[in-house]
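Worksheet for the structure shown next.
The values are calculated or read from the model by the stated rules, or taken from the named source; none is laboratory data. Remember, predicted model here, so these are calculated numbers, not experimental data. Each accessible area value is taken on the protein alone, full model and side chains, heavy atoms only, with ligands, DNA and RNA left out. Shrake-Rupley method; radii C 1.70, N 1.55, O 1.52, S 1.80 Å.
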Amino acid sequence: MSTVNTPSATNSTSPASSPSPGAPAPRSPGRLTSLGPVGLVLAGGISVQFGGALAVTLMPRAGALGVVTLRLVAAAVVLLIVCRPRLRGHSRADWGTVIVFGITMGAMNGLFYEAVDRIPLGPAVTLEVLGPLALSVLASRRALNALWAGLALAGVFLLGGGGFGNLDPIGVAFALGAGAMWAAYIVFSARTGRRFPQADGLALAMAVAALLFLPLGIAEAGTRLLNPTTIALGSAVALLSSVLPYTLELLALRRLPASTFAILMSLEPAIAATAGFLILGQSLHPAEAAAIALVIAASIGAVRTQMGRGKAALPAEGQ
């Protein structure tokens, strides 16, 4: 089975596999997959963090829930128009998966923006990434991946200044909750990618998330959501933080194990620090630079471990 079409649960990456006879032809994702799964994840991380920095500048206009609503609604509209997902021919399990995926995305976004409304962007991302790191340890069956996760975790805490005692405890709780939802997002994104072609499942899940958050955004922001400048900025946040990164990550998770993907997410604090410097004027300190070096080292180690595992599996696949 092709890695572009609906993949199997085993994350097969064999290039020689093909769709079964009589199966509908898969819609090619174009040049996106030419980046490779690791390149897709990194591109998605850069996009989402720069989008997050832009969202911080939008919060005084619409509030945290208003920004989330704009982001999800705009992203849902774009994805539904571009993907035009089929509504028929899906099983009850397919719909159950995509609905849970949508709830997870909505909760992840809502909790994160409530966090950055109370604590700085860097610590919020640092706390949030603990969810994927925990997933990497739980999902991996290799001790070496746990070592890379531990190294990345050390960098994450160093980036947070060695502790979070001076932060708003409610903001910390929201960030940790967002991390838990991020881990769930990784799991259900992979399941959705296996059940729906291309980004169809993502478009449907985004619509679910938008419908759930629309009443909350209206309650908090009201008519401010109709301001043209606010709509334009919210649409830009949606493209950078939702449409592009979620599509790239969904494609990547079809060819990348969840444990390796989760460790790659440890790069997010480093990318967030760069976006904060360029957009919000936040400078890096030596300790933060050291933390970035740690998480990059952990991510490179995870990728090399996964590449080595793939090469070792090739002879067996050819037998």
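Which shape class, rounded, prolate or oblate, goes with the stretch 185-255 when its Cα gyration tensor gives a ≥ b ≥ c as root eigenvalues, a/c under 1.5 marks rounded, and past that a/b bigger than b/c marks prolate?
prolate
Accessible surface of Asp94 in the full protein assembly, 1.4 angstrom probe, to the nearest 10 Å²?
Near enough 20 Å² of accessible area.
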